[in-house]
Structure formats: structure tokens, C-alpha cells
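Contents: one structure, followed by commentary.
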Amino acid sequence: MFLLDGLRGLSLRNYTRALCAACISILAFFSATVSQAGVIRGTVTDTTGATVKGATVVLFNGGKYVSTTVSTADGTFQFVTGRAGRFTLVITAASFHQLDPPFFYAGANDNVERSLVMEPEWVHQSIVVTATGTPIAQQQTSSQTEVFSPLDLARREDVIDILRLQPGAVVTQLGQRGAQTSLFIRGGDSNAAKVLFDGVNVDEMGGIFDYGNTSATGIHSTEVFRGPNSSLYGSDAASGVVNFVTPRGLDSHPQLTFNGDLGNLHTARNQLELEGSRNKLDYYGAYSWLQSENDLPMDRYHLGTAVGNFGWQPTSSLRFLGTGRWAVAATGVPNAWNFYGIADDRKQSDQNLYIGGSADYQMTADFHNQLRYGAARKREQSVQWYPAGICIPAGSCDLPPGTPGAGNWYGNDVTIRGANGTQVVGQAILNYSTANFSTYPNRLDLVTNRDQVHYEGDFRFTPHLLGLVGFNYENERGAEREPVYFIDDTSQRNNYDYLAEVHGDFKGRLFYTLGGSLQRYQIIGTQTSPRFGLSYYALKPRRGIFNGTRLSFNFAQAVREPTLADQFGSLYTFLETNGGDQTVQQLHIHQVSAPTARTWEGGVEQGFASERVIVHLNFFHNEFGRQIEGVGPGLLPALLPQLTPAQLQLLESTLNSEGAFSLDVNSEAFRALGAESTVEAGFGRSFFIKGGYTYLDTVVQHSFSSDNETLLGIPPTTFANTGIPLGIYSPLKGARPFRRPPHTGFVSATFSAHRWVLASTAAFSSRSDDSTFLGYVDLNQGNSLLLPNRNLDYGYAKIDFGGSFQLLTRLSIYGQAENLTNDQHIAPIGYPSLPFNFRMGLRVIVGKKQQ
């Protein structure tokens, strides 16, 4: 009214001017109001990078509904919030599922960009980090990366069996629960795959990692990258990378979850989890305890694991994250039961602490920085309380050291059968006696300490080009101590990595990665690791019977650091110390150096039936050079011909002690040629099936047993009277590397509907080459207990089944049955595997679940 009164008496021209000024003032007021209110915007794309139109995007704040919008023709969406707190974006679109819904904090006046990626409705794909160092959809990278989700890990007590469910990977466990477990990727050695927890390197020095005492507690997902990736992760990523990711607290209210189960073999497991978030903070904590008697004497096992994760996001562009993982394990080590029939009295204990802290800063919309600190503290103790076995000759094992004719402790008279149909009968030395320079009780301590600082910055030059640079510094300290044998070796290494990489795409059809690193390592000197990859959509995904043809290619090189045992057990150092200069010159032996790896690979991915079925086929050719292999103590007379029998016996007894079993030299080289295939299919929203098969053709090109022993004039070791040559400690030239079967495969199926979740998995393997390693240990100190290497390990089929049923909103029951066929040959020869076993339990949730 007052406005109208003020306008009375004005001319039409002045009236128009005044009205326009008022409109401008009103618009300016609302513009200022909107600019001060928070804006959340982004783009919806599929896994190929193509925009998705018409997707419904729902915004939640603190678990409560805020607003809904729809993505436009170019895939963009926007919300104006005007409020602060923790937000969630949930999206739905026809024929799509959402990948990784983002949870983030934003202030009332913050402008936040969160792009969303959708996957095909009927198959499972993921956002991966290990391939390029930055989050990227699997379909936009040429690298072969397998992602295991919380559903894959559900009901599992450890991570061993899920690692079997991927192409190109072989898992070997030397016994039952808690026994040492190794992973071989694409024919590479077991210490050629780098292991990370939330980006923190947790290997021992030189790449050794024992998966046997790694609980599934506190692991949200697992990424396994197949192929060398030293350009991003430094040495030891020579055949692959395994990255375990800790859960984040998401619910706006605290939620407490308890899982408790019991099983046969006196197995019990309890787990408690607490997670939640409030405004700028999120938190997650978990603790679990597992114990089991296993199925062998002297093989009791327990594992306790505590995990913590704390996040703080003071602004929408800055986030701090701290993680910690502490595991305490102890297990009996009965040794190769099938070779002795008597359990050894040895115990192994491990205490592993992993700590990580990171700061992520989105400086601009295109420039992202991350600074991370990581620490690993690993302790292992192995104690032999007394020499188990049968003393032969009776009563001679407690004589004074060096007594002529003194005996050792042997196992029972057993029959050892190989998968190749051969067998031997006899007794093997289980423990050396005090008369032969062994001491009981004895203890071995292994220590690895690592502190790591890593910086990574990525800049998006255009929507189709991203560059990444980084720097990594590691300080490693290791020790090997066995006081009764006067072993007290320590090592410190300072390692530096400088890395650079670009990756991008051309018109959403051709994706590329080009990068490399310059590495300066204290033990192996300066190395370079280049990497190049291409992925090309010959046919982009679309509806129809035949849709989505993608071609990929990769080339990479990598190196591995020598382990602590390699460094301290160097054959070169041993010979130099004990007067073996002539042998050093004769065999051209050098100090232990870095093993190398190189790969070429190419593949094709094809979609069918509107991506309800996806088929992958990949070929790779790896060359592993300068590999480190062990030389057994039985070769000492030829290596050191100038020593007396008494001097040789003393040296041999020292080498046979725990922690100094072999002497190491870069004398092995082999190639691994293979083909990987997988098929995955979804039927509706409830049933998903995936299967894979890998053919692996590995051939040893050089080995100490085949090349160097010939130069020493040592006649080849053969089996019985057949003349079949044997490799005692390492494979012969022309043979396969040990424990790498030529045929492996897997099948997994999951069903989730209403209150039921069911999952069945099966892992298959053909026979593989191996050794009994029983050289010079029969009753005559001879080799009569060796068997031909070819196809010595049995093939197996490990079939598991599990599921859960929701009784009430916060109460469910679950069960897991493993090794349904009761196959005892899943482990390598000599080690009986865990037989059929099961667990059943309850899951209880306390707290309000975010909707």
C-alpha cells in the first residue's frame, strides 16, 4: 500500500523506471540469499563416463529427507540447501544401480560438487583406486582389478578364501587355520604383490605378507590389481597390489552390531562393531576374537583384531582421516604332518600394528591434494620348546655337540604319495639334535618397522585429462634374532619414489594411462618403472543382444626389494666370509640385487543382453628376471671344498636352524604366459553369478640347480632308479615354478531377496609342481624321500556355502559351511588342509539405522 502511494503522481516513464528498479532490488536480494545458501551439484554418469539423463536424485541431511531432483539432458543436477550437516545422495535410474553413494559434510554456505556413477542393473562393477591412484570406474581403466564387496566378506572369518575367487591368482596355505598363507598372482612369486591397508604399506621388508592371520574384521572392501604397478606403489608391486579398505561410519546415530558364532573343531568367533557419524565427525570401531583347535595335534590357534577409523571434515573441501589396526595371533606349527606323522612342538606368535593418517584437500574444483602418513610395526616370534621326534640311534641325541656318530630326531615311518602317482617310504629328520649343534629351547624373532610419508596431487586440466604427481618416502628397519645361534642381524633402509602419471579419455571411447616412477632404494639403487595402458570401446554399451565391446592393452615394468632373509642369507656374503672366493669367481656370483618383472597384456570385454551378461577375456605375458632362489646346505662340500668335514658339519647345522635355512642368489628366471576369462551375469535384482578360469603356462629359463650346479660338477639329483631329475629346493630349467598350477577356476553365486541372503562359492585347481624339500634328511642323510617335481601337488575343489536370515528387524541368524567335499589336499603336499567345517551364529543390531 505504501509502495503504491509512493508511485501515485509519477509519469508513466518514471513509473516504469521505478518498477524496474524495484524488480532489480528484489532479484539482487534473492540472488544474495541463494549465493549464501549451500549448493550441492554434480553430474550423473555411467561407468563409461557417458551422462545419464532423467535419473532421480534424492538428498538426505542427517538421515532425513531434504529434496528430490532429476538429472538434466547433460546429466547435471543441483540442490540449494541453506543448511549444514552430513549429507547423502541417493540416486535411481532405469536399468542402473548406484555405485558408492557419497556421504559428506557441507556447511550452510558451502558449494559442493559430488558426481555420481551408475552401474548396469544386472552386473557388479565398482569404483577402484589401485589402478590409477585416483577413484575411477572399473570400465574406464585398462587394468585388471577385482573388487570384493562387504557381501563377499560376510560370514568369512578371514580373507583367504575370497582371494581364491578371482582369475590369475593362486592361494597356498601351509596347513590349517592360522597357518602361513601366500598369494601368487599371474605366476609371480608370493612376495611380488604389495599389500596395503587404506593405502599404507604393510608388507615385511621385501614384500612378504602372511594372509593366514588377517581377519575379515574391519575390512569393508578389497581391491586386487593384477599386473606390475611399481609406477604408483614402488618396489614389491611386481605382480600385483592388494588394497584392504576400512569401513567408514555412515549412520547419523550410533549403531552397535554384535556377531557371535560357534562351530566344530572347538571353533568360536565373536565380533563387536560400533559406527556412526555426527555433523563433521564419523567413526568406526571393531574388535573380534577367533579361536580354534584345528584338526591336528599341537595346532591350536587364536586371533584377536582391533580396528579403528576416525574422520573429521571441518569444511566441504578438507577432510582428515585416521585409521589403526592391531592384530595378535598365536598358532601351533606342527610342520608337514604327512611327512612325519608326529607334530612338531613349535609355536608362532604375531603382533601387527598398522596406523595411517591422511589429509585430503580439494584446493579448487580441479586440484586435489592428499598427504598421508603410514606406520607398520610387525613382530613375529617362533619358539621351539623341545626336539619332537624319535631319536635314531636311540639315546644318541643328547650327547655333547660334535660327538661322532650322534643321531637326530626323526618322524614316524610314513608313506609319502604325490599326485603324480609316485611314492616313497621312510623316516625324515624332524629336528636336529644337540649333538649336531642344535639347541633347545630356541627362539627366532623377526621385526619390521616402517614409517612412510606419501604426497599425491592430481589436477584435472580438462574434463577429459587428469595429471597426477607424487612422492613417497619410506624408512624401514628390520631385525632377525636367534640368540642360541648368535644371529643378531639388523638392517635400515631409506627409500624414495617420485611418480608422475596422466590418464584421460577421448570422446568417452578411448581411455588411456601413461606414467612411471623414479625409485631410489638403499639396497637396490636407482630403478625406473614405466607403465602404459589403453582401453577402447569398439562398441559402446547399449540395449540389445550384443552390446558393449571393449578392448584393452597394458605394458609395465617393476622391481622388488630383497627380503630381510635374502639380504642376510646372501650366498655371495656367505662365500666371501668362509673363503669361497674361487666359487664366487667360477659361478660369477654377485651380491643379492633387485628381481625384475615385465608384462604385456591385452584383453576384450563383451556385453550381452543389455549388459545382463559380461564376458572378459585377457591374455598376458610376464617375464620375471633375476629372481632369488635358495641354495640348500647339502651343496656346502661343493661350494666350499677347502673346508674339513667337521667345519662343514658346523656350518650345515647353523644353516639348518630356523631363520637361516638357505643361501640366496639371483639365479632364477622364468616366464609366465596365460589367459584369464570371467563371465558374470545378473538375473533380476536378486541373483548374481560369476565364474572364471585361468590357464597359466610357466617355464623356468634359468636356475641354480640346472645351470650353476653343473659348473660345480655336481651330478643331478634323480628319483630312485628312474633317472628322473629332481629340483630339491627350486625348480629345474624347463620345469614350472613351484606351486603355480596351470589350471585354476572359481564360481560364485549370490541370492538376496526379502529376508534371505545366500552365497555359494567354489575354487578349483589342477595339480602343480612342487618339492617335498626333504633333501639330505633320510636315515642315511640322503635324498630317498624326494619325489619328482612334476604335478606333485594335488588338484582340489573347495566348495563353501553360507547364508543369513533376518528373523527380526535387528536380529538375524547366519551360518557358513566350508570345504563341503572334505578335501584334504587344498594345501601343498605334506600339509593336510582343514576338513569340512562349519559355524552358526547370531547377529544383533542396537541403535537407530539411518534410512
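The values are calculated or read from the model by the stated rules, or taken from the named source; none is laboratory data. Quantities reported herein were computed from a predicted structural model and do not represent experimental measurements. Here the Cβ positions follow ideal geometry from the backbone for every residue, glycine too, while neighbour counts run over all protein chains shown. Only protein heavy atoms, including side chains, enter the accessible area calculation; ligands, DNA and RNA are left aside. Shrake-Rupley method; radii C 1.70, N 1.55, O 1.52, S 1.80 Å.
Laid out as a table, the results:
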quantity: Members of segment 376-398 that are surrounded by fewer than 21 Cβ atoms within 10 Å (Cβ to Cβ) and among the charged types (D, E, K, R); calculated: 377, 379, 380, 398
quantity: Some residue of segment 446-453 being part of a loop (DSSP other than H, G, I, E, B), among the charged types (D, E, K, R) and in contact with a strand residue (DSSP E or B) (Cβ under 8 Å, 6 or more places away or on another chain); calculated: no
quantity: Test result for residue 249, modelled with pLDDT under 90 and in a loop (DSSP other than H, G, I, E, B); calculated: yes
quantity: Test: residue in segment 773-795 that is surrounded by fewer than 18 Cβ atoms within 10 Å (Cβ to Cβ), within 30 Å of residue 697 (Cα to Cα) and under 30 Å from the mean Cα position of the chain (by Cα); calculated: yes
quantity: Number of positions in segment 626-655 that are part of a strand (DSSP E or B) and β-branched (Val, Ile, Thr); calculated: 2
quantity: Subset of segment 695-714 that is open to solvent by 40 Å² or more (accessible area, probe 1.4 Å), in a helix (DSSP H, G or I) and not charged (D, E, K, R) - its residue that is farthest from residue 640 (Cα to Cα); calculated: 710
quantity: Candidate set from segment 198-228 (those that are of a type in the set (Phe, Trp, Tyr) and open to solvent by less than 10 Å² (accessible area, probe 1.4 Å)); member that is farthest from residue 696 (Cα to Cα); calculated: 211
quantity: Criterion: open to solvent by less than 20 Å² (accessible area, probe 1.4 Å), assigned to a strand (DSSP E or B), out of contact with any Asp or Glu (no Cβ under 6 Å at 6 or more places or on another chain) and at pLDDT below 85 - qualifying residue of 692, 682; calculated: 682
quantity: From 549, 583, residue being over 23 Å from residue 47 (Cα atoms), of a type in the set (S, T, N, Q) and either at pLDDT below 90 or more than 24 Å from the chain's Cα centre (by Cα) (or both); calculated: 583
quantity: Strands (runs of 3 or more DSSP E) (entirely within segment 516-617) containing at least 2 residues that are closer than 21 Å to residue 474 by Cα and open to solvent by less than 40 Å² (accessible area, probe 1.4 Å); calculated: 525-539, 546-559
quantity: Residue list for segment 383-423, filter: among the small types (Gly, Ala, Ser) and either farther than 30 Å from residue 790 by Cβ or touching a Leu at 6+ places or on another chain (Cβ under 9 Å) (or both); calculated: 388, 389, 394, 395, 396, 402, 405, 406, 407, 411, 418, 419
quantity: Selection count where residues are in a strand (DSSP E or B), surrounded by 20 or more Cβ atoms within 10 Å (Cβ to Cβ) and among the hydrophobic types (A, V, I, L, M, F, W, C), scope segment 301-336; calculated: 5
quantity: Scan of segment 663-677 for residues that are open to solvent by less than 10 Å² (accessible area, probe 1.4 Å) and over 30 Å from residue 575 (Cβ atoms), ordered by number; calculated: 672, 674, 676
quantity: Residue list for segment 745-767, filter: hydroxyl-bearing (Ser, Thr, Tyr) and touching a residue at least 40 places away in the same chain (Cβ under 8 Å); calculated: 748, 750, 752, 760, 761, 765
quantity: Close pairs from segment 691-720: first closer than 30 Å to residue 617 by Cβ, partner among the aliphatic types (A, V, I, L, M) and not in a strand (DSSP E or B), Cβ under 6 Å, at least 6 apart; calculated: 700/735
quantity: Set 765, 812, 760: member being of a type in the set (Gly, Ala, Ser) and crowded, with 20+ Cβ neighbours inside 10 Å; calculated: 765
quantity: Hey, residue 460 part of a strand (DSSP E or B) and in contact with a helix residue (DSSP H, G or I) (Cβ under 8 Å, 6 or more places away or on another chain) or not; calculated: no
quantity: Which listed residue is under 30 Å from residue 810 (Cα atoms) and either aromatic (Phe, Trp, Tyr) or in a loop (DSSP other than H, G, I, E, B) (or both), from 751, 670; calculated: 751
quantity: Cβ pairs under 8 Å, 6+ apart, first in segment 496-508 and closer than 16 Å to residue 462 by Cβ and open to solvent by 30 Å² or more (accessible area, probe 1.4 Å), second assigned to a strand (DSSP E or B) and among the β-branched types (Val, Ile, Thr); calculated: 502/513
quantity: Output for segment 399-425, where each listed residue is surrounded by fewer than 20 Cβ atoms within 10 Å (Cβ to Cβ), of a type outside the set (A, V, I, L, M, F, W, C) and farther than 17 Å from residue 649 by Cα; calculated: 412, 413, 415, 417, 420, 421, 422, 423
quantity: Any hit, segment 27-36, residues being outside any loop (DSSP other than H, G, I, E, B), modelled with pLDDT of 80 or more and open to solvent by 30 Å² or more (accessible area, probe 1.4 Å); calculated: no
quantity: Residue list for segment 829-846, restricted to those being of a type in the set (Phe, Trp, Tyr) and closer than 15 Å to residue 155 by Cβ; calculated: 838
quantity: Failed item, numbered, when residue 492 is tested on (1) open to solvent by less than 70 Å² (accessible area, probe 1.4 Å); (2) in a strand (DSSP E or B); calculated: (1)
quantity: Selection count, segment 804-851, where residues are outside any loop (DSSP other than H, G, I, E, B), of a type outside the set (Val, Ile, Thr) and touching a strand residue (DSSP E or B) at 6+ places or on another chain (Cβ under 7 Å); calculated: 18
quantity: Residue among 440, 455 that is open to solvent by 30 Å² or more (accessible area, probe 1.4 Å), aromatic (Phe, Trp, Tyr) and under 25 Å from residue 568 (Cα atoms); calculated: 440
quantity: Segment 337-367: number of residues that are assigned to a strand (DSSP E or B), open to solvent by 40 Å² or more (accessible area, probe 1.4 Å) and over 23 Å from residue 476 (Cα atoms); calculated: 4
quantity: Condition met for residue 93 (surrounded by fewer than 22 Cβ atoms within 10 Å (Cβ to Cβ) and modelled with pLDDT of 75 or more); calculated: no
quantity: Of all residues making up segment 264-293, the number that are part of a strand (DSSP E or B) and either within 10 Å of residue 250 (Cα to Cα) or open to solvent by 30 Å² or more (accessible area, probe 1.4 Å) (or both); calculated: 15
